[in-house]
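The next block holds one structure in the form of structure tokens; read it before the comments.
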Amino acid sequence: MTQTPDRFADAPISHLVGFNVEPGEVGEATVSIQCGPQHHNPMQRVHGGLIAALADAAMGIAFGRTLMDDEDFLTIEMKINFIRPVRDGRIVAVAKVVQRGLRIGFIECEISNRLGKRVATATCTCTLVSE
């Protein structure tokens, strides 16, 4: 069993949406996106679904970086709290695995705007799956 730390960092969805995934340590991930009008909801603010997708990507990559090559996982629960709106600029999600057991992992994430102010916080629970 070997470990390829960044096999989850190159997901097709990240390319499609425009996420930038930074190299990182095992159990950690930093993912960002440059937001503009194309990401707005009808109130001219970044859509909450994009912020949730950013958090989901960061948490998934952080947990994925703890797995061996023959292990896969699924997210079984995710929660996000939106704290302040974003109109444009870079937002960054920083995720860290809090607990990694034999079958279950718990991950936390903070999303910040270009000024370093907290935009949202998120958590998720992941489970290892076998085929």
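The values are calculated or read from the model by the stated rules, or taken from the named source; none is laboratory data. What you are looking at is a predicted structure, and each value in this text was computed from that prediction instead of being measured. FYI the Cβ positions are ideal-geometry reconstructions off the backbone, even for glycines, and counts take in every protein chain you see.
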So Asp70, is it of a type in the set (D, E, K, R), farther than 18 Å from Ile13 by Cα, touching a residue at least 60 places away in the same chain (Cβ under 8 Å) and outside any strand (DSSP E or B): yes
Residue count for the range 107-131, restricted to those that are among the β-branched types (Val, Ile, Thr) and either under 17 Å from Leu67 (Cα atoms) or over 17 Å from the mean Cα position of the chain (by Cα) (or both): 4
Subset of the range 55-67 [out of contact with any Pro (no Cβ under 6 Å at 6 or more places or on another chain) and either part of a strand (DSSP E or B) or under 14 Å from Val31 (Cα atoms) (or both)]: Ala55, Asp56, Ala57, Ala58, Met59, Gly60, Ile61, Ala62, Phe63, Gly64
Residue match in the range 82-89 (condition: at pLDDT 95 or above, surrounded by fewer than 19 Cβ atoms within 10 Å (Cβ to Cβ), of a type in the set (Lys, Arg) and assigned to a strand (DSSP E or B)): no
Failed condition for Arg7, given (1) closer than 17 Å to Glu110 by Cα; (2) charged (D, E, K, R); (3) assigned to a loop (DSSP other than H, G, I, E, B): (1)
